[in-house]
Amino acid sequence: MRYARNFLGILLSFTIAVTAAGPKEKAAFRSNAYVVLINATVLDRANRPVRGLTQDNFRIFQEKALQPITYFAEEEVPVSLAIVFDTSGSMNTNISGARKALRALLRTSNPEDEVCLITFAERPILAVPWVSDETLIQNSTLFSAPHGQTSLLDAIHLAVAQTKRAANSRRAVLVLSDGGDNHSRYSEREIAAMLEEADIQMYAVDMAESPYLNARAAEELAGPDLLERLSERAGGRYLPAHNDRDLTDVADRISKELRSQYVLGFVPPKGVEDGRFHPVQLRVEREGPKLSVYWRRGYRVPSE
C-alpha cells in the first residue's frame with residue numbers, strides 16, 4: 001500500500017487481459033477518504049496487451065453501482081518481483097521445467113527491475129534478497145534437489161512480506177510450483193485475505209505434465225485449483241505450461257503484462273472501513289473484437 005500523509009491508497013492489482021500500465025507515485029487523493037487504485041491488464045484475442053485505451057473505456061462498479069473514476073494513467077514501469085520456487089518432493093519430475101520457466105522470465109527483465117527468490121520445501125527460505133542481478137537468482141536454483149513436504153502457502157506469505165521492502169512501486173509475486181500443499185501453518189483463507197489487502201499481483205506457473213496428473217497425490221491434484229484461486233484474488237493469473245514452448249510463451253506474456261498496465265482510482269462508498277471484502281467489477285467498453293478482462297475481485301479495508 002502507498003500512503004500520502006493522511007491519505008491511504010489501496011492498490012488493487014486488476015489484471016484485465018487487455019493492457020497494462022504501472023501506477024504513478026502521485027495520485028489525486030481526496031482528504032479523509034480512502035482511494036482504491038486498480039492495476040488493469042487488458043488483452044486481445046491473441047493474448048497481446050492492448051494499448052491506447054482512455055478513461056472513457058473503463059467502468060468501475062461496486063455493489064452494482066457505477067463509481068466515478070478519479071485517477072487514470074497508462075505507463076510502463078520497472079517491477080519488483082518476488083519469485084516463489086518450489087523445491088519440495090512433489091516437484092521431482094517438474095523441477096527442470098521450473099528452472100526453464102525462471103530462466104525464460106529473467107531473460108525478459110529490464111535493468112531497472114529487481115528480483116528476490118524464496119525457495120520452499122518443508123519451510124520457506126529467503127534464498128536471495130532483492131537484487132538486480134538475475135544471474136544470482138538463476139544460479140541459486142541450479143543445485144536444488146526436490147525433497148520433503150510442501151509449504152506453498154507459507155512461502156507465499158513470506159513473498160508478500162518481502163514485497164513491503166521492495167524499491168519499485170510496481171510489485172508482484174510469481175509462483176513456480178505444482179500447487180500442492182501439505183505442510184503450511186497458514187491456511188488458504190488467511191493467504192487469500194493477505195493477498196486482497198496487499199499492493200501486489202500474483203502469477204502462478206504450473207509445469208506439471210498432463211500424463212502424470214493421475215499419478216499425483218490428492219494435494220497435488222488440487223494444486224492447480226489452489227493456485228488459480230489465489231492468483232485470481234490477487235489480480236493475476238494461473239498459467240499451465242506443459243512443455244518448453246509453453247514456458248517461453250508464458251514467460252513472455254507475464255513479462256509484458258507486469259510492465260505495462262492501466263491504473264484507475266476511485267473513492268469507494270462510505271462504510272468500507274469494516275474489515276470485510278468488498279467486491280468490485282471492472283468493465284472495458286470498446287468497439288471491435290472482444291477483449292479478455294482479468295481483475296482482482298475486490299478489496300478489504302481493515303476495521304478501525
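Scanning the stretch 55-67 for residues that are crowded, with 22+ Cβ neighbours inside 10 Å and assigned by TED's automatic domain parsing to the domain that holds E197 turns up nothing.
For the stretch 143-189, filtered to residues that are over 30 Å from A73 (Cβ atoms) and among the polar types (S, T, N, Q), the residue that is surrounded by the most Cβ atoms within 10 Å (Cβ to Cβ) is S177. Looking for something closer than 29 Å to S109 by Cβ and at pLDDT 90 or above - is there at least one such residue anywhere in the stretch 204-218? Yes, because at least one residue in the stretch 204-218 is closer than 29 Å to S109 by Cβ and at pLDDT 90 or above. Looking across the stretch 222-243 at every residue that is touching a Leu at 6+ places or on another chain (Cβ under 7 Å) and either over 23 Å from L37 (Cβ atoms) or aromatic (F, W, Y) (or both), the one that is modelled with the lowest pLDDT is identified as A241.
Restricted to the stretch 105-206, the set of strands (runs of 3 or more DSSP E) holding at least 3 residues that are β-branched (V, I, T) and without any contact (Cβ under 8 Å) to a residue 40 or more places away in the chain comprises 124-131. The single condition among (1) part of a helix (DSSP H, G or I); (2) modelled with pLDDT of 85 or more; (3) in contact with a helix residue (DSSP H, G or I) (Cβ under 6 Å, 6 or more places away or on another chain); (4) not polar (S, T, N, Q) that L247 does not meet is (2). For beta carbons closer than 8 Å, sequence separation of 6+ or different chains, a first residue in the stretch 279-304 that is in contact (Cβ under 8 Å) with a residue 40 or more places away in the chain and surrounded by 17 or more Cβ atoms within 10 Å (Cβ to Cβ) and a second that is hydroxyl-bearing (S, T, Y) and in a loop (DSSP other than H, G, I, E, B), the qualifying pairs are Y294/T15; W295/T15; R296/T15; V301/Y34.
The values are calculated or read from the model by the stated rules, or taken from the named source; none is laboratory data. Please read these numbers as outputs of a predicted model, since none were measured by experiment. Because the Cβ atoms are built from the backbone with ideal geometry, glycine has one as well, and the counts that use them run over all protein chains shown.
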